[in-house]
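Each reported figure results from applying straightforward, stated rules to the coordinates on display, with no laboratory input. The shown structure was predicted, so the numbers you read here are calculated from the model rather than taken from an experiment. Glycine also receives a Cβ, built like all others from the backbone with ideal geometry; neighbour counts cover every protein chain displayed.
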Amino acid sequence: MFFGVVPNSFIPHPSSLRADEETGKSGFASRRAIWQNRRVSETRTIQAADDEMQEAVSAACELLQQGEIVALPTETVYGLAADAFNPEAVAKVFAAKERPSFDPLIVHIASRGDLKSVAIIPEEILPTVNQLTAAFWPGPLTIILPKHPDVPDIVTSGLPTVAVRQSAHPIFRAVNKALGRPIAAPSANRFGRISPTSASAVSKELDGRIPLIVDAGACAEGVESTIISIEPREGKKPIFKLHRAGPVTKEQLQDYGKVEKAREVSNEAPQAPGQLASHYAPRTPLILLEKPEDFEPEEGKRYGLLSYRGEDDSPYIDLHDWEMVESLSPGSGKLAEAAIRLFFVMRLMDEAGLDAIIAEPVSETGLGVAIMDRLRRASTRA
Ligand code: TXA
Ligand code: MG
């Protein structure tokens, strides 16, 4: 197995990526082999509580300037940051995550004014982009736009588009501003695994692969940003293609355009990067049980219940003598609380040595759409 920094020559040329995608052949296994994991001598975690914030920001910034990668908190999940204009640094992100090179990264900018340095915005969608960024930035909305030529192809997996957002997290914003360059950052987990919402979760995923984790406690949103692209329409509000449901809800976006789901593709032959069906998977099989009566336990197996409201008010509680019950929003059933706890609870249950996790559905409105999306993806076995 190859350990260490990915050599330049391993960075795939974007034209070869596109050619592969045109054939429609899998390429998954062979391309995946390009990005082996990576070793560093030590992974340091530094606290970024109020009085230590400046120290943490400086340490992170220094490493990013040297072309290193750093785990940073955002308001959604922890991200694995690299200088977006440094292709060798970005290659380290792919290596540390074992992420296939066809899966592009989100670029984070420090201010709305920086958008023009990473994207070229067509006239016909400029008013919409201005409305959306005024309403939701800084915050958990990612917009797919035509890419600026300065953004290296490795960031966008050779696509002509770039996904951009401005994080609302004070630490991330401060690092972004101090670096003075856009930051490419996927979630700080190994590819296909549960996204981290705490520094300890990042450590479990990437210890020994990255030099620094900045610990600023739990993430405020708990699920990754909403991702959209914009299709203008003559004389009508634009269409927003929803590539990933997230904290900015369909209901909120509907004030500015018509929201439609973007097409999804299988894991085997992704036509469009960024649309893999299976993701966020615990190692323990997770079964999303839409109806309690569908539960068919096997003799001698240990099952845990991932419940929405928990003991007080769940039609699933009395179904079985559960080995473990964890609830997303104990008692009150609040979707915002459920989103914050989702990945934490999934990780906790994954570590409990169960034979299967049985997940209850949540109502599919507002943030519930993002939660159900993550539960469905977690229950898809690749
Ligand atoms: O909240 C978030 O978005 C977090 C924090 C760290 O910002 N980031 C995150 O990144 O979730 P990641 O890499 O785990 O997920 C980004 C998704 C991927 O599914 C990727 O394929 C998709 O965005 N994506 C990126 N660029 C794209 C593009 N140009 N077109 C379509 N999808 C794209
Ligand atoms: Mg991710």
(Q) Restricting to DSSP loop positions (anything but H, G, I, E, B) with no more than 10 other Cβ atoms inside 10 Å of their own Cβ, which trypsin sites (Lys or Arg not before Pro) remain in the stretch 304-353? (A) none
Q: Count charges around Tyr280 for me, please; just the other residues with Cβ under 10 Å from its Cβ, Lys/Arg as +1, Asp/Glu as -1.
A: +2
Q) Classify the chain: rounded, prolate or oblate, from the alpha-carbon gyration tensor (a ≥ b ≥ c, eigenvalue square roots; a/c under 1.5 rounded; otherwise prolate if a/b is larger than b/c)? A) rounded
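Among the listed pairs Lys237/Lys261; Lys236/Lys258; Lys116/Lys147; Lys116/Lys261; Lys97/Lys204; Lys177/Lys241, which have their C-alpha atoms separated by more than 18 angstrom in this model? All intermediate terms of the calculation are to be shown ahead of the outcome.
On the way: Lys237/Lys261 16 Å; Lys236/Lys258 9 Å; Lys116/Lys147 10 Å; Lys116/Lys261 27 Å; Lys97/Lys204 12 Å; Lys177/Lys241 30 Å.
Table pairs above 18 Å Cα-Cα are Lys116/Lys261; Lys177/Lys241.
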Q. In nm, to one decimal, how far is the Asp50 label point from the Lys291 one, both placed 7 Å along Cα→Cβ?
A. 5.3
Q) When the chain is treated as a GNM, springs tying every alpha-carbon pair under 10 Å, which of Ser203, Ser157, Ser332 comes out with the largest mean-square fluctuation? A) Ser332
Q) Summing +1 for each Lys or Arg and -1 for each Asp or Glu, what net charge is found among the other residues whose Cβ lies under 11 Å from the Cβ of Ala96? A) +3
**Q.** Net length gained if the chain between Glu251 and Ala218 were fully extended (0.36 nm per residue, minus Cα distance)
**A.** 9.3 nm
